[in-house]
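Q: Submitted below is the structure of interest, expressed as structure tokens.
The values are calculated or read from the model by the stated rules, or taken from the named source; none is laboratory data. The structure displayed is predicted, hence computed values, not measured ones. Virtual Cβ from ideal backbone geometry, glycine too; neighbours counted across all protein chains shown. For the accessible areas, the whole protein counts, side chains as well, though only heavy atoms, and no ligand, DNA or RNA atoms are used. Shrake-Rupley method; radii C 1.70, N 1.55, O 1.52, S 1.80 Å.
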Amino acid sequence: MGTVHARSLEPLPAGGPDFGALGEEAELVEVEPEAKQEILENKDVVVQHVHFEGLGRTKDDIIMYEISDVFKAKNLIDVMRKSHEAREKLLRLGIFRQVEVLIDTCQGDDALPNGLDVTFEVTELRRLTGSYNTMVGNNEGSMVLGLKFPNLFGRAEKVTFQFSYGTKETSYGLSFFKPQPGKFERNFSVNLYKVTGQFPWSSLRETDRGISTEFNFPVWKTNHTLKWEGVWRELGCLARTASFSVREESGHSLKSSLSHAMVIDSRNSSILPRRGALLKINQELAGYTGGDVSFLKEDFEFQLNKQLIWDSVVSASLWGGMLVPIGDKPSSIADRFYLGGPTSVRGFSMYSIGPQSEGDYLGGEAYWAGGLHLYTPLPFRPGRGGFGDLFRTHFFLNAGNLCNLNYGDGPRAHLQKLAECIRWSYGAGVVLRLGNIARLELNYCFPMGVQSGDRICDGVQFGAGIRFL
């Protein structure tokens, strides 16, 4: 993290005060903290000039949007705070490798007695950067190679090429990203991609070639995404033993869909939160903008986390969704919901709940799943304050159901069918948080409510991913 440097104004000591997070390298001097605070707060100042050193291809207008609040500061503490906030905004653009801030008294003929100059020393990213890393998905891993052209036209635009090779999926894509100047949360992107995935629970192989456009924007405390996607899908059998139902789904289809997602997220962490809540609602409408696939799909995700005594956390989750085919054509195996496995209803094999044919799971058009979890520190707190804090003891109770509905029946019949044949499980284990990237779970599970055709994992079950029930 960079540093905000400031040269003192009289009557401040030359070493400057300690501003905590606003000035990590500021030195302490033998002055009463409350007295220093009062001096700084009561000292009226004016930011006369803001200078940038190190700019190359970055345009002035996008910079001005990010640092405009610095001119509104009224005292030295305010200048420090707003300069730090401006630095964070500049780094968020993804076009600078480093940003440092220097605050000094104003010099020159037009200098006021209380005038200040603020200088941002920046280092731009190269025109072409490369990356290599590994990613963890829901019980799968992949190697990712990427090329990036940051700040392509000088206003934080970005072009990215990415290739990913994983245990179940291989993909490559080209994307263009453009934020709105001054409002980075409002951004637009275009993506071209090809994805080939293997789904052994369904004996299915799927290849998608498509284009998508996204517009992201905040509204009050919510974040929204509007998306259009056009994709040519090719479905095939993964094995010669694939069931007739899967063979019947094989072939080509063209899907054109509009979707909207709304997210409210107050959690302190997306991987293993201790407090806060999440609400995510998705809607997708396919067929009205072309293609030969037509449906309306709705799903939601809710999570609530509460910290208890002894550094324990209780977490409650609820998922649900419904897919309604439009027209006479039935839904596709590629669009349905799947349930079961170490990241959803634990104690069952991956996506092995619900309708199936000859051992191949076909997914369902409606589902729900809920979970109640208790996370506690490891017994006797080994490694406390260090590596041991990445581990948590985990006690859980999960339940859910996946089925197809007869949409000629009423809502009461739908709810009754979803309440039938509920699968549930309970158990305990250990959770490892891998930074803010993913988490690993090793649980001992007791599956209950098992139905004919379900595959269970009675005993030890390992899971890795970023999204857990």
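Q: Do the conditions hold for VAL324, that is, is it closer than 30 Å to ARG381 by Cα and among the β-branched types (Val, Ile, Thr)?
A: So VAL324 fails the test.
Q: Further question on the same structure: Residue under question is PHE149, and the condition is that it be open to solvent by 40 Å² or more (accessible area, probe 1.4 Å) and either closer than 30 Å to LEU339 by Cα or not in a strand (DSSP E or B) (or both); does it hold?
A: Answer is no for this residue.
Q: Just one of (1) modelled with pLDDT under 95; (2) open to solvent by less than 40 Å² (accessible area, probe 1.4 Å) trips up THR241, so point out which.
A: (2)
Q: Another question, then. Of everything in the range 333-391, what is of a type in the set (A, V, I, L, M, F, W, C), in contact (Cβ under 8 Å) with a residue 60 or more places away in the chain and over 30 Å from ASN406 (Cβ atoms)? Give them in sequence order.
A: Matches in the range 333-391: LEU374 only.
Each row is one residue, and each column tells you yes or no for (1) among the polar types (S, T, N, Q); (2) open to solvent by 40 Å² or more (accessible area, probe 1.4 Å); (3) assigned to a loop (DSSP other than H, G, I, E, B).
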{"site": "VAL136", "(1), (2), (3)": "no, yes, no"}
{"site": "GLY154", "(1), (2), (3)": "no, no, yes"}
{"site": "PHE163", "(1), (2), (3)": "no, yes, no"}
{"site": "SER171", "(1), (2), (3)": "yes, no, no"}
{"site": "LEU174", "(1), (2), (3)": "no, yes, no"}
{"site": "ARG186", "(1), (2), (3)": "no, yes, no"}
{"site": "SER189", "(1), (2), (3)": "yes, no, no"}
{"site": "VAL195", "(1), (2), (3)": "no, no, no"}
{"site": "GLN198", "(1), (2), (3)": "yes, yes, no"}
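Q: In addition: So, of the residues in the range 191-221 that are among the charged types (D, E, K, R) and under 21 Å from the mean Cα position of the chain (by Cα), which turns out to be farthest from GLU248 (Cα to Cα)?
A: Going through the qualifying residues, I end up with LYS221.
Yes/no matrix, rows are residues, columns are (1) more than 20 Å from TRP319 (Cβ to Cβ); (2) polar (S, T, N, Q); (3) out of contact with any Ser or Thr (no Cβ under 7 Å at 6 or more places or on another chain):
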| position | (1), (2), (3) |
| --- | --- |
| ILE437 | yes, no, yes |
| SER452 | yes, yes, yes |
| VAL460 | yes, no, yes |
| GLY465 | no, no, no |
| LEU469 | no, no, no |
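Q: Filter the range 54-72 down to the residues that are touching a Gly at 6+ places or on another chain (Cβ under 8 Å) and open to solvent by 50 Å² or more (accessible area, probe 1.4 Å), then identify the one that is farthest from GLY154 (Cα to Cα).
A: TYR65
Q: Right, something else. Residues GLY154, GLY141: which one is closer than 30 Å to ARG186 by Cβ and within 27 Å of the chain's Cα centre (by Cα)?
A: Testing whether each residue is closer than 30 Å to ARG186 by Cβ and within 27 Å of the chain's Cα centre (by Cα) leaves just GLY154.
Q: So if I check each of GLY321, GLY340, which one is small (Gly, Ala, Ser), open to solvent by less than 20 Å² (accessible area, probe 1.4 Å), in contact with an Asp or Glu (Cβ under 6 Å, 6 or more places away or on another chain) and closer than 20 Å to ALA369 by Cα?
A: Unique residue meeting the criteria: GLY321.
Q: For the range 209-216, indicate whether the set of residues that are more than 30 Å from SER352 (Cβ to Cβ) and open to solvent by 70 Å² or more (accessible area, probe 1.4 Å) is non-empty.
A: yes
Q: Only residues that are touching a Lys or Arg at 6+ places or on another chain (Cβ under 9 Å), assigned to a strand (DSSP E or B), closer than 20 Å to GLY182 by Cα and open to solvent by 40 Å² or more (accessible area, probe 1.4 Å): list them for the range 73-122, please.
A: If the condition is that a residue be touching a Lys or Arg at 6+ places or on another chain (Cβ under 9 Å), assigned to a strand (DSSP E or B), closer than 20 Å to GLY182 by Cα and open to solvent by 40 Å² or more (accessible area, probe 1.4 Å), then ARG97 is the only one that fits.
Q: OK, next. Return yes or no: is GLY146 under 30 Å from SER344 (Cβ atoms) and either in contact (Cβ under 8 Å) with a residue 12 or more places away in the chain or β-branched (Val, Ile, Thr) (or both)?
A: Yes.
Q: Here is a follow-up. Please enumerate the residues belonging to the range 295-335 that are over 30 Å from PHE391 (Cβ atoms) and either small (Gly, Ala, Ser) or touching a Cys at 6+ places or on another chain (Cβ under 8 Å) (or both).
A: Residues satisfying the conditions are GLY320, GLY321, GLY327, SER331, SER332, ALA334.
Q: So how many residues does the range 273-298 have that are acidic (Asp, Glu), buried (at least 17 other Cβ atoms within 10 Å of the Cβ) and modelled with pLDDT under 95?
A: 0
Q: Take the residues in the range 219-232 that are modelled with pLDDT under 95 and assigned to a strand (DSSP E or B); name whichever of them is least open to solvent (accessible area, probe 1.4 Å).
A: Looking at the filtered set, the residue picked out is THR222.
Q: Residues of the range 244-257 being open to solvent by 40 Å² or more (accessible area, probe 1.4 Å) and part of a strand (DSSP E or B), which ones?
A: HIS252, LEU254
Q: Hey, among TYR407, TYR375, TYR361, which residue is farther than 24 Å from ILE281 by Cβ and out of contact with any Leu (no Cβ under 8 Å at 6 or more places or on another chain)?
A: Exactly one residue qualifies, and that residue is TYR361.
Q: Shifting gears a bit: Have a look at GLY459, GLY364, GLY385 and point out the one that is at positive phi and touching a Phe, Trp or Tyr at 6+ places or on another chain (Cβ under 7 Å).
A: GLY459
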